[in-house]
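Below: the structure, in structure tokens.
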Amino acid sequence: MGYQEQEPVIPPQRDLDDRETLVSEHEYKEKTCQSAALFNVVNSIIGSGIIGFSLVLLIKGGALSGTDTYQSLVNKTFGFPGYLLLSVLQFLYPFIAMISYNIIAGDTLSKVFQRIPGVDPENLFVGRHFIIGLSTVTFTLPLSLYRDIGKLGKVSLISTGLTTLILGIVMARAVSLGPHIPKTEDAWVFAKPNAIQAVGVMSFAFICHHNSFLVYSSLEEPTVAKWSRLIRMSIVISVFICIVFATCGYLTFTGFTQGDLFENYCRNDDLVTFGRFCYGVTVILTYPMECFVTREVITNVFFGGNLSLVFHIVVTVMVITVATLVSLLIDCLGIVLELNGVLCATPLIFIIPSACYLKLSEEPKTHSDKIMSCVMLPIGAVVMVFGFVMAVTNPQDCTHGQEMFYCFPDNFSLTNTSDSHVQQTTQLSILNISVFQ
């Protein structure tokens, strides 16, 4: 295995200034500008997360321990057991994220191609399985074969731009479609008993820790202070986008909201069809960010941190092949997000960065960073345990591939629906007359 025991080298706390770098210049010959790193972080956050404090905490821990990867940080702090646990989590999270992105791409783009005039919806070439395979071979695999994550900066910029278009579409449909969708009885009840399941999903969405060091190392002259500024900028953009997405989506569909928001929209909605296309392209462009991390973990554990060109290609192809095969067998996104969130994302966000910083830092106990670390660690443990139990005992309903009731042109009566506790009768033919035109 690639694990090697090393003695910790902890620089003085006072040296954490703008001159400090975690990566020597000769190790990274190709640096990206700060804007490219910004879009890489935003792309990773939107596709998979928003937690600012622990991101900075993670890089500070690297500075304190003299390490430049998440794995080496935990290795220096907790030795081989911690290194092994982190390696498993850091592999599983992006690997499962790759599976979820394939599911989204297949579900979303299949509905786009089925809207092409003259195309039979049952045609094999517009089915989710074919689309997942095609997008893998033509886009995600070639992009994932890059060896320098900095080269994904322009790709991430495109992804972020498409996300802005999708946001506009979701907002427009909240105004035009929302008033015609019946609201569930308890739509405005805040923090129901199973709210902790939502924390698991948000943990999945609010993480880019697994590729933080990769993005950090792509900066020109990487420093803790520069990274902190970058994270603040990224989080402002990402928080705004995620809040608007979540608010508009829930205001439109309330209790009927699916794990994949685009599953809620009707297939004959041309504006949403364009949004689906943009969304599918966005997740395809985010996919390589996760593949970079899975490959790095394998490289560090089994190859001592270095891969020849041949093994680089072999490992990349093997990881993507397995992720693709699994995604072809699973078609319900909600449970994937929940379990990945509570079992992998939560410890990567809350528990491990806090534990490393608390052990390495020489700051007094009253220091703000230590206080926040002491708060985050137990919160992460609670979310992880209870989130897993509730995800297994109370799984989300999945209506994958099914047209929602309000999409049918005829009058539709919805009475005593047990799942949503709705008692409404609504006439929804207006949806096909005016809303989708």
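The values are calculated or read from the model by the stated rules, or taken from the named source; none is laboratory data. Source: prediction; values computed, not measured. We place every Cβ from the backbone using ideal geometry, glycine too, and count neighbours over all the protein chains shown. When the accessible area is computed, the model is the full protein with side chains, heavy atoms only, and any ligands, DNA or RNA have been set aside. Shrake-Rupley method; radii C 1.70, N 1.55, O 1.52, S 1.80 Å.
Structural remarks
- Total residues in segment 363-373 satisfying the condition of being hydroxyl-bearing (Ser, Thr, Tyr) and open to solvent by 30 Å² or more (accessible area, probe 1.4 Å): the figure is 2.
- Looking across segment 111-150, the residues that are open to solvent by 20 Å² or more (accessible area, probe 1.4 Å), closer than 30 Å to residue 217 by Cβ, in contact with a Leu (Cβ under 9 Å, 6 or more places away or on another chain) and outside any loop (DSSP other than H, G, I, E, B) come down to 139, 143.
- Filter result for residue 330 (of a type in the set (A, V, I, L, M), out of contact with any helix residue (DSSP H, G or I) (no Cβ under 6 Å at 6 or more places or on another chain) and more than 23 Å from residue 295 (Cβ to Cβ)): no
- Tally, over segment 293-326, of residues that are in contact with a Lys or Arg (Cβ under 9 Å, 6 or more places away or on another chain) and open to solvent by less than 30 Å² (accessible area, probe 1.4 Å): 5
- Residue within segment 339-362 that is of a type in the set (Phe, Trp, Tyr), in a helix (DSSP H, G or I) and crowded, with 19+ Cβ neighbours inside 10 Å present: yes
- Some residue of segment 289-301 being touching an Asp or Glu at 6+ places or on another chain (Cβ under 8 Å) and within 20 Å of residue 99 (Cα to Cα): no
- Within the option set 66, 118, 106, being on the phi > 0 side of the Ramachandran plot and in contact (Cβ under 8 Å) with a residue 24 or more places away in the chain holds for one residue only, 66.
- Residue check for residue 383: more than 30 Å from residue 259 (Cα to Cα), touching a helix residue (DSSP H, G or I) at 6+ places or on another chain (Cβ under 9 Å), open to solvent by less than 30 Å² (accessible area, probe 1.4 Å) and not charged (D, E, K, R): no
- Qualifying positions in segment 157-184 - more than 21 Å from residue 283 (Cβ to Cβ) and without any contact (Cβ under 8 Å) to a residue 12 or more places away in the chain: 175, 179
- Lone qualifier among 270, 331 - being within 19 Å of the chain's Cα centre (by Cα) and either open to solvent by 40 Å² or more (accessible area, probe 1.4 Å) or not aromatic (Phe, Trp, Tyr) (or both): 331
- Any chance residue 248 is more than 16 Å from the chain's Cα centre (by Cα) and not small (Gly, Ala, Ser): yes
- Here residue 279 fits the description: touching a Ser or Thr at 6+ places or on another chain (Cβ under 8 Å), assigned to a helix (DSSP H, G or I), closer than 22 Å to residue 161 by Cα and open to solvent by 10 Å² or more (accessible area, probe 1.4 Å).
- Counting residues in segment 285-306 that are farther than 23 Å from residue 208 by Cβ, under 22 Å from the mean Cα position of the chain (by Cα) and not β-branched (Val, Ile, Thr) gives zero.
- Segment 282-335 - residue that is of a type in the set (Gly, Ala, Ser) and assigned to a helix (DSSP H, G or I) and, of those, nearest to residue 85 (Cα to Cα): 323
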